[in-house]
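Notes follow the structure.
The values are calculated or read from the model by the stated rules, or taken from the named source; none is laboratory data. The structure presented is a predicted model; accordingly, all values stated were derived computationally and were not measured. Please note: Cβ atoms are built from the backbone with ideal geometry, for glycine as well, and neighbour counts cover all protein chains shown.
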Amino acid sequence: MNRKNPHHMNQTVAELPVPLEFDRSWINQLESRLDKGGPWGDYRLFQLGIQAEETNLIPNFDEIQCLKHLQGLTPLPHQMDTARRVLFEMSGRAILADEVGLGKTIEAGLILKEYMVRGLVSKVLILVPASLVLQWVRELNSKFGIPAIAQKKAYSWQNEVVVASMDTAKRDPHKDMLLNTDYDMIIIDEAHKLKNKKTTNYQFMLKLRKKYCLLLTATPVQNDMSELFNLINLLKPGQLGRQGDFAANFVVDKRVPKNQEQLKNELSKVMIRNRRGEGPVQFTKRNVSNVNLQLSPEEQALYDGVTSFVKDQYQEAGGNLSSMLSLVTLQREVCSSRDAVFVTLVNLSKKLPLDSPLRDKIWELVAHIKAIKENTKAEKTMELIRNMNEKVIIFTEYRATQEYLLNYFRNNGLTAVPYRGGMNRGKKDWMMDLFRGRVQAMIATEAGGEGINLQFCHHMINFDLPWNPMRVEQRIGRVHRLGQQNDVNIFNLSTTGTIEEHILNLLHEKINMFEMVIGGLDVILERLEKKESIEKSLYKIMLESQNDEDIRRKMDSLGQSLNSIQREVADEGPAVSGLLDLRKGGS
Amino acid sequence: MTMSPHEVQAYVLTYLEALDCQIMERSPAHVTVKLSPEADKALTNRPYYWGFVERTGAPAETMSFTFIFDPDSYQQAIEAAEAKAAQALPSIVPDPAEKNGVTNGSPQGEPPKETILGRYFGITPSMPLLGPGRILREEVVYGSRRLQQIFGAAREGGAFVNLFEQAAKRQLRATAPAVYEPWLGVCFKVEFACDLKREELHFLGISLRSGEIIEKFGTKLNRRDLSPRLAENMHVQTAKVSLSDAGAALESHLTNRLLELDYSWAEKAQERLDLELDVLDTYYEAVLREDTPEVELTGNTASGMESVHSNRTPPVPLKKVLDIPNAKPNGADVELAAEAVVPIDTETDAEEEKAKQAVIDREAMKLQYETRRTEMIWQYEPKVKVTAISSGMFHLR
């Protein structure tokens with residue numbers, strides 16, 4: 001003890017096996033107060049201060065502390081499990097690769113909160129797709145009490161916890177600021193966009209300085225093994241060896257791995273993947289009904305008129321598809337609403353020279369439009385909604401249709417709000433709030449397909465269908481996800497004898513997409529679309545077919561291509577996607 | 001540890017009373033209080049307002065709050081009160097119970113809209129948009145930000161104290177002056193950090209007269225009646241030990257205590273660090289050793305079986321690449337770029353380009369390596385940090 005030589009200031013005791021640091025600022029503060037006779041604190045506050053520290057104390061290294069700070073949040077067992085593993089086994093650097101809808105955001109929030117509660121993390125950067133920024137901010141604040149802000153201006157970056165879009169972050173002037181900051185933690189959502197190491201995004205990520213890092217993606221491997229390698233290289237370079245070694249050890253061909261057990265072992269050290277249907281996590285069912293409607297005679301007349309118009313133009317243009325694209329949407333718009341057709345026709349005629357013969361044809365079509373008094377689909381929608389008597393989300397491709405439906409619903413006494421890409425973040429949030437509250441229906445265009453959570457709603461009406469099955473799946477994913485308490489009812493409205501019927505047939509019957517596992521679909525589509533996008537193929541079919549029989553035949557063959565790719569993927573199943581089955585015997 | 005609503009209530013009430021706030025209403029589930037200027041400054045984050053008050057000498061208007069400790073009980077109490085009121089005076093239309101507090105100056109807005117506003121503004125920290133006239137309702141439970149803020153305010157408010165033990169009544173009548181021994185008491189927080197973390201509190205006291213050190217000083221203090229007032233007949237002993245020496249003594253004592261602890265956690269952390277560094281070093285050393293930096297797998301390396309598929313054809317991903325001057329990979333990329341941009345006259349130009357690019361890439365790689373290494377050490381390296389939560393002079397008999 002140092003009682004004997006009180007003036008001896010240096011440490012005579014042995015050193016600790018770890019660096020020891022004393023903060024001595026209190027001594028000066030106390031001394032100055034003694035000299036000046038104040039200012040002194042209240043004894044009650046002194047005791048309260050110590051009591052506060054005691055309650056907040058982290059007594060041990062490896063128990064999750066943050067739950068007591070989170071009122072009203074009950075994470076699911078797989079989420080707690082994931083958090084524990086990342087915190088205590090993976091030292092905070094991991095890929096969270098749960099399947100869609102299992103709550104990766106919650107897992108990331110838990111991990112972040114735990115680190116913050118322990119005082120290990122204070123400066124955080126969260127990069128997500130632009131459409132999800134507000135949602136992340138809201139969730140972090142309300143569920144986790146984390147003071148996150150959405151990045152808006154240059155000074156936003158100063159905040160301790162910032163949520164921004166990756167695109168904004170990597171641009172000047174933000175880029176340099178970010179590259180010069182030491183972040184305690186970086187979280188990236190939709191990290192599969194980083195699968196290609198030659199992109200600016202990847203290079204940017206590589207250069208950011210960070211202590212802890214989480215990559216969130218539902219599809220860590222979409223096509224080939226190097227994608228996985230690249231992702232892991234971001235987190236822990238060298239974990240899987242150098243690329244050459246990786247290839248030699250683990251890759252037979254782009255998509256076929258070897259030494260799978262060993263690979264799985266290595267993967268499980270940096271990646272966690274929970275699957276639906278595993279464990280107590282149960283998803284509710286999907287009830288899909290295809291509602292076939294007969295167009296009214298006036299609507300049919302318009303459809304026929306448009307079809308022949310478009311086909312003639314195609315012939316005249318010599319079969320050149322690219323010049324036709326705006327016209328081709330006309331046919332789809334007819335199946336949606338006359339408003340949509342009208343808007344396109346008007347825009348078209350504006351671009352034409354005054355003496356063009358097309359104008360006459362357009363006015364013919366407009367005459368057909370005027371003849372239409374009712375919208376068959378809208379009426380059916382009202383009927384469906386009245387029967388369900390609950391909240392419902394209606395998807396449509398066309399803004400004109402959206403406007404029309406809003407009006408129509410209002411005239412029929414149904415509360416509805418719109419949601420579209422053009423709205424700024426604040427307005428989108430506002431619309432969501434209204435829908436959550438007293439409004440019964442929300443009519444959304446494609447922007448509603450991305451990212452937002454609608455678990456409180458379990459009815460969905462596809463007023464018209466996008467031709468890309470992935471988009472349909474995304475729409476459904478808004479409603480059918482973890483947290484959804486009820487079975488989900490999906491109504492697909494289609495019009496008989498039109499192109500829509502064929503599309504729906506393709507999606508539903510041929511590729512059975514409504515039953516399909518997520519992650520399967522986008523792989524299939526990526527491969528199909530190597531030659532040309534599925535939408536283009538469909539357009540071609542539509543334009544080049546002579547008659548209905550022709551269409552049917554061509555659709556059939558398209559369906560078969562999809563099926564064969566599906567089989568291919570299923571066969572590879574045990575290979576690549578099986579790799580991601582990290583629980584079964586791998587870890 | 002956590003705090004029950006009861007404990008939270010006791011804590012918050014003590015704090016409010018210590019700061020002379022005016023308690024208007026209280027129940028086991030809530031408290032309605034008009035803050036004192038001191039509390040207002042600490043809790044409401046209105047530095048500009050208070051600056052204005054000081055400069056202009058305007059009368060200060062402090063804010064009022066209803067802090068709710070037990071939301072469920074509070075809700076029930078409100079509903080019960082409403083029910084009673086409704087029975088007593090059936091002609092009065094009952095209030096929408098949800099958002100309006102007990103006394104509320106806000107106009108009767110449409111309930112749904114107000115709910116949305118509440119939710120909407122719930123994201124931003126409570127700004128005093130509503131001014132001192134209204135009473136803000138807040139839930140204060142363990143883990144809420146308001147409570148953490150009060151914790152912080154209490155800690156700051158009580159960080160330095162100077163207290164004297166008050167005599168029991170008996171002794172006051174004694175004529176002989178009582179002798180007081182000066183003690184320095186410090187509450188230390190010890191943080192054991194690596195990629196994980198643990199904490200301990202040590203409240204130590206040292207006599208400035210004898211140099212004796214006592215642990216769990218708080219227990220000794222609790223038994224005594226302490227006050228900032230000097231008692232009568234007090235004779236304060238002069239300190240033999242200077243403050244800084246006392247501080248140093250406490251630090252050595254603490255260090256000795258810490259020495260007795262188990263540091264296997266640090267060893268494990270060091271092992272983890274070493275393992276990770278090993279992986280990292282092997283990787284980067286191999287990469288930097290090669291002449292062409294291995295940023296891309298070219299068809300040249302013998303082991304690049306994967307490359308056969310991805311690099312024979314013009315690499316598909318290239319389409320997406322924007323101009324990256326720095327880390328442009330070698331090999332196929334440069335050739336393609338060369339073809340696309342300017343027809344190269346001589347072969348040597350292309351070679352020079354390649355060489356230059358290689359150097360740039362190496363530098364980038366090295367930088368990456370160093371950064372990653374530093375990051376890793378920052379993350380894993382075990383360390384112990386000691387800070388003082390609060391300290392004070394205690395004059396005890």
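Values for this structure:
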quantity	calculated
Qualifying positions in the range A:478-523 - basic (Lys, Arg) and either outside any helix (DSSP H, G or I) or modelled with pLDDT under 65 (or both)	A:Arg481
Options B:Gly211, B:Gly205; residue that is more than 10 Å from every other protein chain (Cβ to nearest Cβ) and touching a Lys or Arg at 6+ places or on another chain (Cβ under 8 Å)	B:Gly205
B:Pro177, sole failed condition from (1) more than 10 Å from chain A (Cβ to nearest Cβ); (2) under 17 Å from A:Leu20 (Cα atoms); (3) modelled with pLDDT under 85	(2)
Inter-residue pairs, beta-carbon under 6 Å, first more than 19 Å from A:Leu234 (Cα to Cα) and more than 14 Å from chain B (Cβ to nearest Cβ) and in the range A:78-94, second buried (at least 21 other Cβ atoms within 10 Å of the Cβ) and of a type in the set (S, T, N, Q), 6+ apart	A:His78/A:Asn274
Selection within the range A:57-69 - surrounded by 14 or more Cβ atoms within 10 Å (Cβ to Cβ), out of contact with any strand residue (DSSP E or B) (no Cβ under 7 Å at 6 or more places or on another chain) and at the interface with chain B (Cβ under 7 Å from one of its Cβ atoms)	A:Lys68, A:His69
Qualifying residue in the range B:34-43 (condition: in a helix (DSSP H, G or I), of a type in the set (Lys, Arg) and over 25 Å from A:Gln51 (Cβ atoms))	no
Residues located in the range B:218-276, provided they are outside any helix (DSSP H, G or I), over 15 Å from B:Met393 (Cβ atoms) and facing chain A (nearest Cβ under 7 Å)	B:Tyr263
Residues within the range A:197-232 that are polar (S, T, N, Q) and either under 19 Å from the mean Cα position of the chain (by Cα) or more than 9 Å from chain B (Cβ to nearest Cβ) (or both), tallied	6
Every residue from the range A:200-242 that is over 20 Å from A:Lys170 (Cβ atoms) and of a type in the set (Ser, Thr, Tyr)	A:Tyr212, A:Thr219, A:Ser226
Selected residue (only one of B:Val161, B:Val186, B:Val190 is modelled with pLDDT of 85 or more, part of a strand (DSSP E or B), farther than 28 Å from B:Leu35 by Cβ and touching an Asp or Glu at 6+ places or on another chain (Cβ under 8 Å))	B:Val190
Filter result for B:Thr2 (surrounded by fewer than 17 Cβ atoms within 10 Å (Cβ to Cβ), within 22 Å of the chain's Cα centre (by Cα) and at pLDDT below 90)	yes
For A:Ile95: the one exception among (1) touching a Pro at 6+ places or on another chain (Cβ under 7 Å); (2) in a loop (DSSP other than H, G, I, E, B)	(2)
Options A:Arg471, A:Arg410; residue that is in a helix (DSSP H, G or I) and in contact with a helix residue (DSSP H, G or I) (Cβ under 7 Å, 6 or more places away or on another chain)	A:Arg471
Residue count for the range B:51-83, restricted to those that are closer than 26 Å to A:Gly72 by Cα and touching a residue at least 40 places away in the same chain (Cβ under 8 Å)	10
Tally, over the range B:200-217, of residues that are out of contact with any helix residue (DSSP H, G or I) (no Cβ under 7 Å at 6 or more places or on another chain) and either assigned to a loop (DSSP other than H, G, I, E, B) or buried (at least 19 other Cβ atoms within 10 Å of the Cβ) (or both)	6
Cβ pairs under 7 Å, 6+ apart, first in the range B:369-397 and part of a helix (DSSP H, G or I), second acidic (Asp, Glu)	B:Met376/B:Glu276; B:Gln379/B:Asp195; B:Tyr380/B:Asp195; B:Tyr380/B:Glu276
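Yes or no, residue by residue, for (1) touching a Phe, Trp or Tyr at 6+ places or on another chain (Cβ under 9 Å); (2) over 15 Å from B:Leu136 (Cβ atoms); (3) β-branched (Val, Ile, Thr):
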| position | (1), (2), (3) |
| --- | --- |
| B:Ser27 | yes, yes, no |
| B:Thr32 | yes, no, yes |
| B:Glu38 | no, yes, no |
| B:Phe52 | no, yes, no |
| B:Arg55 | no, yes, no |
| B:Thr62 | no, no, yes |
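One line per residue, one yes/no per condition, for (1) at the interface with another protein chain (Cβ under 10 Å from one of its Cβ atoms); (2) modelled with pLDDT of 85 or more:
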| site | (1), (2) |
| --- | --- |
| B:Leu336 | no, no |
| B:Glu339 | no, no |
| B:Pro343 | no, no |
| B:Gln357 | no, no |
| B:Gln368 | yes, no |
| B:Pro382 | yes, yes |
| B:Ile389 | yes, yes |
